[in-house]
1. Please determine whether any residue of region 99-110 is at pLDDT 95 or above, open to solvent by less than 10 Å² (accessible area, probe 1.4 Å) and over 27 Å from residue 71 (Cβ atoms).
2. With (1) within 22 Å of residue 134 (Cβ to Cβ); (2) open to solvent by 70 Å² or more (accessible area, probe 1.4 Å); (3) small (Gly, Ala, Ser) as the list, and residue 149 as the residue in question, which single condition is left unmet?
3. For residue 128, state whether it is among the hydrophobic types (A, V, I, L, M, F, W, C), open to solvent by 20 Å² or more (accessible area, probe 1.4 Å), farther than 28 Å from residue 25 by Cβ and out of contact with any strand residue (DSSP E or B) (no Cβ under 6 Å at 6 or more places or on another chain).
4. Given the conditions (1) surrounded by fewer than 22 Cβ atoms within 10 Å (Cβ to Cβ); (2) modelled with pLDDT of 95 or more; (3) within 23 Å of residue 152 (Cβ to Cβ); (4) under 15 Å from the mean Cα position of the chain (by Cα), which single one is not true for residue 89?
Amino acid sequence: MAELAGLEDPKTRAVNEKHGDDHGVHLSKLRALAKRLKTQQELAQRLWETDDTAARLLAILICRPKAFERDELDVMLREARAPKVHDWLVNYVVKKSPHAEDLRLAWSADPDPVVASAGWALTTERVAKKPEGLDLPGLLDVIEAEMQGAPDRLQWAMNHCLAQIGIEHAELRTRALDIGERLEVLKDYPTSPGCTSPFAPIWITEMVRRQQAM
């Protein structure tokens, strides 16, 4: 904790706080520290218990994803209110866990929109890598009905799923593009030069173009 405190940078904190993340440790320094520590499950659990955002990010980097029980991961996700902690926990830990599918189903139906967004993130992963058994037209029905009015984090996750369906599944691409065009979610989102807009029709079209050019 002392070492993390020593890595604190006010400028980094100011940038992070604009995104809702209350820490000031540059992620490259956090990764370097994790590389030095290597995998340490017990230390990871103790760091998580501090409730400090930088410590929790470090915990995610040095933990053993398959060592967590299903209910542990559920509690951790509900405690992870900082967006970066939430995202890393889902992407670096839950996706590698044997409990990922069980949690995907449970979280997708959760009344808490932040928890539900984690369920959608896991669904997007399956759309891309293991779509067998998913009701893709049914997912598009839910997105069409609920995405426009969803809270920000949930809306973002549903939009990512919409784009992924359009990118990966040619037979549903026209419908995915149509939903994106009509709902106009993230249409005006500020996008840096050289980056692809998160507006689903632009995102889908660009990624398909890249795939076809390969």
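1. no
2. Looking at each condition in turn, residue 149 falls short on (1).
3. Numbers: among the hydrophobic types (A, V, I, L, M, F, W, C): yes; open to solvent by 20 Å² or more (accessible area, probe 1.4 Å): yes; farther than 28 Å from residue 25 by Cβ: yes; out of contact with any strand residue (DSSP E or B) (no Cβ under 6 Å at 6 or more places or on another chain): yes.
So residue 128 fits the description; yes.
4. It is condition (1) that residue 89 fails.
The values are calculated or read from the model by the stated rules, or taken from the named source; none is laboratory data. All values reported here derive from a predicted model rather than from experimental measurement. Backbone-built Cβ (ideal geometry, glycine too); neighbour counts: all protein chains shown. We work out accessible area using only protein heavy atoms, side chains counted, and drop any ligands, DNA or RNA first. Shrake-Rupley method; radii C 1.70, N 1.55, O 1.52, S 1.80 Å.
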